[in-house]
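Before any comments, here is the structure.
The values are calculated or read from the model by the stated rules, or taken from the named source; none is laboratory data. Just so you know, these numbers come straight off a predicted model, no measurement behind them. Cβ placement follows ideal geometry from the backbone for every residue including glycine, while neighbour counts extend to all protein chains displayed. The protein model used for the area step is the full one, side chains on, heavy atoms only, and it has no ligands, DNA or RNA in it. Shrake-Rupley method; radii C 1.70, N 1.55, O 1.52, S 1.80 Å.
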Amino acid sequence: MKVSVIVPVYNGEEYISGIIRDLHSQKENSAEFIIVDDGSTDKTSEVLKKLIINLNDERFLVLRKTNGGVSSARNMGIGSSRGKYIFFADADDRLSPNLLSNFVSTIENNKTDFEFFPFQRASIIENKIVKQKTKLDYSKVASKKILNKKDLLKLFFYYKLQGYPFGFISKKNLWSSKSFDESVSLGEDLLAILNIILFASKIKAHINNIQEYYYIIRQNSALNTVDLKKSEEFYYVLNKIQRNCNLDYQKKLVKNLFYGWYTDCYRLSMLEKNTYKSNFFKNEMKSNFFKTPMPFSSRLHRAMIMFNYKF
């Protein structure tokens with residue numbers, strides 16, 4: 001078995017059929033698709049059962065559990081996986097038919113532990129995927145170079161590489177059924193991947209700019225909203241990452257990761273037209289602007305966002 005795809009779902013009756021059909025269309029045959037139903041209370045279970053019976057695709061495995069959150073669902077999927085590689089997907093997103101075959105061949109050819117890929121933001125209009133202008137673009141950091149542990153951490157801490165679980169394929173032996181911290185629901189993905197990198201003796205990684213994943217923007221999308229109550233969880237995550245840094249360059253650069261998060265939250269709060277939240281994060285940006293080590297280009301860009309942001 002080459003690759004295991006892990007898809008947590010909770011109350012996804014309205015959209016789960018999209019990614020199930022996309023998985024069925026994957027050209028990679030040496031794969032398993034582990035769908036973890038995290039205690040759904042709607043008709044998700046019935047929809048899944050009917051779809052998978054009709055598709056008659058032996059690559060699908062559906063697991064059901066009591067509701068415990070996305071981290072516990074991913075952990076269960078990891079524990080049940082048999083593939084050499086793992087790829088995480090969100091239940092409301094979409095995939096190109098070549099995603100798995102391209103990602104698997106790339107990580108095998110490069111002999112790496114991680115292969116990172118960007119994604120395209122999109123909407124579903126009349127059952128069709130419509131690309132949005134914004135996307136995660138790795139053109140500035142993608143190259144033929146194989147990265148080591150230090151290279152990789154610098155890119156994360158400089159906020160040039162993102163930790164979204166659907167943004168990479170990786171070796172299964174890096175993961176365990178406790179990899180995701182089940183006590184948090186915001187930033188748990190970043191914590192999981194950085195813990196793997198920080199505690200590994202050696203890591204080999206590569207960054208591509210091949211886009212095969214569609215992040216579907218919905219009204220309640222996690223990347224499109226900011227919850228100040230949940231933001232306390234992210235402070236916990238960032239502080240835990242900082243405690244796990246054991247070298248001076250790591251401790252210095254991780255502060256830039258904090259600042260990148262303030263900046264993104266400020267930008268999203270402004271897009272939401274939420275004055276309370278935008279003022280909160282703008283004050284965080286102001287109070288930490290000169291305390292935080294960051295590249296000059298990032299400092300200039302963030303100053304422009306803080307004082308002259310246009311919508």
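Within the stretch 132-163, whose backbone N sits under 17 Å from a point 7 Å along Cα→Cβ of Leu247? Residues passing the 17 Å test: 146-159.
Run the simple label-point estimate for Arg64 and Ala142 please: 7 Å along Cα→C-beta, distance reported in nm. In this crude label model, Arg64 to Ala142 measures out at 4.1 nm. For the chain, the carbon plus sulfur part of the accessible surface works out to 49%, probe radius 1.4 Å. Here each label is just a point 7 Å from Cα along the line to Cβ, and for Arg267 and Ser201 those points are 3.9 nm apart. Ellipticity at 222 nm from helices only: DSSP H runs of n ≥ 4 in the chain, each -39500 (n - 2.57), divided by the residue count, give -13500 deg cm²/dmol.
A straight chain from Lys150 to Tyr235 at 0.36 nm per residue would run longer than the Cα-Cα distance by 28.2 nm.
Within the listed set Phe280, Phe168, Phe180, the Gaussian network model of the chain (springs between alpha-carbon atoms below 10 Å) gives the highest mean-square fluctuation for Phe280. Below 10 angstrom from the Cβ of Ala122, what's the summed charge of the other residues (Lys, Arg +1; Asp, Glu -1)? Around Ala122, the charge tally is +4.
Charge tally around Arg59: other residues with Cβ under 10 Å, Lys/Arg +1 each, Asp/Glu -1 each, net -4.
Taken about its Cα centre, the chain carries a charge dipole of about 1380 debye when Lys and Arg each add +1 at the Cβ and Asp and Glu each add -1 at the Cβ. GNM remark for the chain: springs join alpha carbons under 10 Å apart, and the peak mean-square fluctuation among Asp37, Asp137, Asp151 falls on Asp151.
Considering only Lys84, Lys282, Lys145, the Gaussian network model of the chain with Cα springs below 10 Å gives its largest mean-square fluctuation to Lys145.
Qualifying trypsin sites (Lys or Arg not before Pro) in the stretch 8-80, where qualification requires a DSSP coil assignment and no more than 13 other C-beta atoms within 10 Å, comprise Lys27.
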